[in-house]
1. Got a number for residues in segment 181-193 being surrounded by 14 or more Cβ atoms within 10 Å (Cβ to Cβ) and within 30 Å of Glu113 (Cβ to Cβ)?
2. Mind checking whether some residue in segment 97-110 is over 21 Å from Lys66 (Cα atoms), in contact (Cβ under 8 Å) with a residue 24 or more places away in the chain and open to solvent by less than 30 Å² (accessible area, probe 1.4 Å)?
3. Would you call Phe143 under 18 Å from His104 (Cβ atoms) and either within 19 Å of the chain's Cα centre (by Cα) or open to solvent by less than 40 Å² (accessible area, probe 1.4 Å) (or both)?
4. Could you please find all residues in segment 151-173 being part of a loop (DSSP other than H, G, I, E, B) and either over 16 Å from Tyr108 (Cα atoms) or open to solvent by 50 Å² or more (accessible area, probe 1.4 Å) (or both)?
5. Tell me the residue from Leu68, Leu75, Leu35 that is more than 31 Å from the chain's Cα centre (by Cα), open to solvent by 60 Å² or more (accessible area, probe 1.4 Å) and of a type in the set (A, V, I, L, M), please.
6. What are the residues in segment 123-146 that are in a loop (DSSP other than H, G, I, E, B), touching a Pro at 6+ places or on another chain (Cβ under 9 Å) and within 16 Å of Glu113 (Cα to Cα), if any?
7. Mind checking which residues of segment 137-157 are of a type in the set (Gly, Ala, Ser) and in contact with a helix residue (DSSP H, G or I) (Cβ under 7 Å, 6 or more places away or on another chain)?
8. Which is farther than 24 Å from Ser189 by Cβ, free of Cβ contacts under 8 Å to residues at least 40 places away in the same chain and open to solvent by 60 Å² or more (accessible area, probe 1.4 Å), of Ile59, Ile54?
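The values are calculated or read from the model by the stated rules, or taken from the named source; none is laboratory data. Fair warning: this is a prediction, and the values are worked out from it, not measured in the lab. Methodologically, a virtual Cβ is constructed for each residue, glycine included, from the backbone with ideal geometry; neighbour enumeration extends over all protein chains shown. These accessible areas exclude ligands, DNA and RNA; they are computed on the full protein's heavy atoms, side chains included. Shrake-Rupley method; radii C 1.70, N 1.55, O 1.52, S 1.80 Å.
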Amino acid sequence: MLRLADIRIRPKLLIYSIISGILPLAVVGFIGKNLVADSLLEQAFTTLSTVQSIKAKQIENAFEEKKLDLHILSLSDRLKQLVIELEAYRKQHGILSSSNFQTHSKQYGMIVERYHDAMVFFAEKYGFADVYVLSAATGHVMFSTAEKEDLGANLAFGRYKDTNLASCWKKVQQTKKSASVDFQSYEPSGGEQ
């Protein structure tokens, strides 16, 4: 077996020099790698946090913009007149708060025909998939630009009473202010949110 004492001095010095140079280099490299990894991880987390904050602000701004768009619509004389005429129609036909709103009569068609194009224009211009006019008193869906199966539905007693549309109507009823609710799939929209 080869002993260290049997090796000449020149190879010993060479081996010691290599070990004394590589060992500190390896330790510094290992520590440096860990520091760089931690730094990169922290930088990535900071970047993601910043992006998350920016996206959250963009979403909040989008909701505020839509809320403002709807507020502008609510101030429209045409919308106010549509609501007045549809509420008069509801009372004239004795539509109970526990029944559905009658949307298949000739008189209903004549009322809606005067306002439909303007409401569709508003929905398209401001990026709404549908614009509803609900009876504040009864929860009837009195008007819808998309005219899906929920048109005429009763949000207080009907099959849509547990939907987010009904929740939003109830929230408005309680607070007397505009409201929004979390997204949820909606059957008349083909299960979309």
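1. Step one: of segment 181-193, the residues surrounded by 14 or more Cβ atoms within 10 Å (Cβ to Cβ) are 181, 186, 188-189.
If we keep only those that are within 30 Å of Glu113 (Cβ to Cβ) as well, we get 186, 188-189.
Within segment 181-193, residues that are surrounded by 14 or more Cβ atoms within 10 Å (Cβ to Cβ) and within 30 Å of Glu113 (Cβ to Cβ) number 3.
2. yes
3. Considered against the rule, which asks whether it is under 18 Å from His104 (Cβ atoms) and either within 19 Å of the chain's Cα centre (by Cα) or open to solvent by less than 40 Å² (accessible area, probe 1.4 Å) (or both), Phe143 comes out as yes.
4. Answer for segment 151-173, where residues must be part of a loop (DSSP other than H, G, I, E, B) and either over 16 Å from Tyr108 (Cα atoms) or open to solvent by 50 Å² or more (accessible area, probe 1.4 Å) (or both): Leu155, Ala156, Phe157, Gly158, Arg159, Tyr160, Lys161, Asp162, Thr163.
5. Values: Leu68 fails: more than 31 Å from the chain's Cα centre (by Cα); Leu75 fails: more than 31 Å from the chain's Cα centre (by Cα).
Going through Leu68, Leu75, Leu35 in turn, the sole match is Leu35.
6. Matches in segment 123-146: Ala146 only.
7. Gly139
8. None of the other options fit; the residue is Ile54.
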